[in-house]
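Structure first, commentary second.
Since every read-out is calculated from the coordinates, none of them should be taken as a lab result. A quick note: this is a predicted structure, and the numbers were derived from the prediction, not measured. Methodologically, a virtual Cβ is constructed for each residue, glycine included, from the backbone with ideal geometry; neighbour enumeration extends over all protein chains shown.
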Amino acid sequence: MKIRLLFFVLLVVCQVLSAQVKLGVKAGPTIGALIGKVDRTTSSGTLKIGYHGGLFAEIPISEKFSFRPELQYSRFGLGYVEDRPRTDTTQPFVVFTDTFFLPTVYTAYVQGEYQLQSLRIPLKFQYHLSDRITMSTGFSFNFLVNGENIGTQQIDIGEKAGLQAEFATEEEYVDALFTRSFMEFDEGASIRKFDIQYLLGGQIHLIKGLHLYFDANIGLGHIQPVTENLPIRFRSFSIQTGLAYNFYEFANNEEK
């Protein structure tokens, strides 16, 4: 319903200002990331280059300013690893009405990957510094088409956890543990279906109708709440660049 309403608003604006509207297409690579407070000594991430593409309309407001609504499909991913070394902690055990805290030594290794596919509706306000350079700012309203957060988790528990170097083989090490658990997880269902990003970018005019652009987008809210395997809340961040081409322009209802 929200998407239909936005389409209707854009259509009305284009109808009213059809004598001045430019239409175009754009496409290019997307570098996406998730921003959150993590322990860099135990965590690492791998960016995966994605892509985006879509349509836009450019509507002049004055000589220097213009309004630019867009409709995009965007896809990007991120791989991550959490390698927690030997850790001493306590685990609660409840027996009838009594709670006991037992000392526990463990190591944990989590490896996973995000894949996010979104329908984006950026609404930009542009300022034309010159005939060649334009700056833009605004907001992007993102609707999740498909989101995945899948991976594996391994936890070793016991006094010998993390002390593989003391054993000749992996089998001997595993035998010396209290337990080793291995599981696959899928937490894609908890990824939020709607996200708003603030955007800042610009473009350079190359030749007639062709532009090189750059956009940086940062989420205003958290893309995923705290989960069992990732006790961190992340914001979305992406950098988009590529080429945009004005393929049609309305001027007094005549194509230029």
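Structure above, values below:
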{"item": "FRET efficiency, 1/(1 + (r/R0)^6) with R0 41 Å, evaluated for A165 and F96 via beta carbons", "result": "0.50"}
{"item": "Inter-probe distance in nm under a simple model that places probes 7 Å from Cα toward Cβ, at L144 and L212", "result": "3.6"}
{"item": "L123/T46 FRET efficiency (R0 41 Å; Cβ-Cβ; nearest 0.05)", "result": "0.80"}
{"item": "Cβ-based net charge around T137, under 13 Å, with every Lys or Arg adding one and every Asp or Glu removing one", "result": "+1"}
{"item": "Rg to Rh quotient for the chain, alpha carbon positions, Kirkwood Rh", "result": "1.17"}
{"item": "Across K26/K48; K48/K208; K124/K208; K48/K193, pairs whose alpha-carbon gap is larger than 27 Å", "result": "K48/K208"}
{"item": "Relative packing of 95-108, 157-170, which averages over residues the other C-beta atoms within 10 Å, highest first", "result": "157-170, 95-108"}
{"item": "Rounded Å value of the spacing that divides the Cα centres of the stretch 38-75 and the stretch 168-209", "result": "20"}
{"item": "Length gained when the stretch D88-L71 is fully extended (0.36 nm per residue, less Cα-Cα span)", "result": "1.0 nm"}
{"item": "Cβ-defined net charge surrounding Q126, 14 Å radius [Lys, Arg +1; Asp, Glu -1]", "result": "+1"}
{"item": "Net lengthening on full extension, M183/I133 (0.36 nm per residue, minus Cα-Cα)", "result": "12.8 nm"}
{"item": "Backbone HN-Hα couplings from phi across the stretch 41-46 [Karplus 6.51/-1.76/1.60, Hz, Gly and Pro as x]", "result": "6, 10, 10, 8, x, 10"}
{"item": "Cut-off 14 Å between beta-carbons: net charge of the residues surrounding T87, Lys and Arg +1, Asp and Glu -1", "result": "-3"}
{"item": "Degrees between helix 2-16 axis and first principal axis of the chain (Cα, 0 to 90, nearest 10)", "result": "20"}
{"item": "Whole-Hz ³J(HN,Hα) from phi, Karplus 6.51 cos²θ - 1.76 cosθ + 1.60, for the stretch 55-61, glycine and proline x", "result": "10, 8, 10, 10, 10, x, 9"}
{"item": "Cβ crowding within 10 Å averaged over residues, with 234-242, 50-58 ranked highest first", "result": "234-242, 50-58"}
